[in-house]
1. Under the rule a/c < 1.5 gives rounded, and otherwise a/b versus b/c splits prolate from oblate, where does region 76-187 land using the Cα gyration tensor?
2. Which percent of Cα pairs goes in each bin when the distances of the chain are cut into 10 angstrom slices starting at zero?
3. Estimate the FRET efficiency between residue 138 and residue 185 by the formula 1/(1 + (r/R0)^6), using the beta-carbon distance for r and 45 Å for R0, to the nearest 0.05.
4. For the chain, calculate the relative contact order in percent as a whole number, restricting contacts to Cα pairs under 8 Å that are 6 or more residues apart.
5. What is the sum of charges, Lys and Arg at +1 and Asp and Glu at -1, for the other residues whose Cβ falls under 12 Å from the Cβ of residue 10?
6. Quick check on packing: order 172-180, 158-166 by the mean number of other C-beta atoms within 10 Å, highest mean leading.
7. Whole-Hz Karplus ³J(HN,Hα) for region 79-87, in order, using 6.51 cos²θ - 1.76 cosθ + 1.60 and θ = phi - 60°, x for Gly and Pro?
8. What net charge do the residues around residue 60 carry, taking every other residue with its C-beta under 12 Å from that of residue 60, with Lys and Arg at +1 and Asp and Glu at -1?
Amino acid sequence: MLPLALTTIRVVLAPLILFWAGNGRAGLPYIFCLIIAFVTDYFDGVMARKLGVATAAVRRYDGAADIIFYGAAFLAVWLVYPEVVQQNWPGLALVAGLEAVRITIDIIKFRREASYHMWSAKVWNITLFAALTGLMGFGISGWLFQLPIAVGIVTNLEGMAATLLLPTWTHDVPTLFHAYKIRRDCK
C-alpha cells in the first residue's frame, strides 16, 4: 500500500542521515533526506485519506516513523554541531521531557500512544525542517534552531491537554478545540 511505503521511507532514511553525519558534516545528502522525509510525511497522509486507508494503525505508524526519523536527525545534529546542542540543551531537554510525559499520559489513559496529527504538530514539522536545513546545510542556528523548540513545547502541551480532555482514544484531532468538541458531544 502506497501510504505505508511513503511512511517507511522515513524509517529507512534515519540510518542514512546518521551515516552521513558520522563524518562530522552533513551538507547536501542530509538536506536531500530532509526534503524526501518532509515530502513523504505530507503525501503519506494525503494518499491514505484519498485511498480511504487512514486507519488508526496507519496513523500510529506515521507518528512512530516521525519519531524515528527526527530522533536520528537530532542525533546527527549532536554529532555535527555538539556546541549548538549544548547551547540549547535546556529547551531541548524540556521538549524531550514533555514528549515523554505526553506519551506516558497517553499510555496510562488510553493504553496506547495518541495519534492526533494536530495542526500545531504540522507547524512543528515545518519549523523542524527549516531549522535542520539551516543548521545542517548552511551552519545557521540561532533563532532558527530555537523556533522548533518553542513550537515543540506548545505542541506537546496541546497534545497533553487533548489527552486529558478526550473521553476515549481518538486519532486525527486537529486542535485542542476539536478535542473539547468531541468531549462535549460525548456527554
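1. The shape class here is prolate.
2. For the chain, the pair-distance distribution reads 10, 35, 36, 17, 3, 0.
3. 0.40
4. Relative contact order for the chain comes out at 24 percent.
5. Overall, the nearby charge balance is -4.
6. 158-166, 172-180
7. Along region 79-87, the couplings run 5, 8, 10, x, 5, 5, 5, 4, 5 Hz.
8. Once positives and negatives cancel, what remains is -3.
Quick note: the coordinates plus some simple rules give every number you see, no bench work behind them. What you see is a predicted model; the values in this text were computed from it and never measured. Cβ atoms come from the backbone with ideal geometry, glycine included; neighbour counts cover every protein chain shown.
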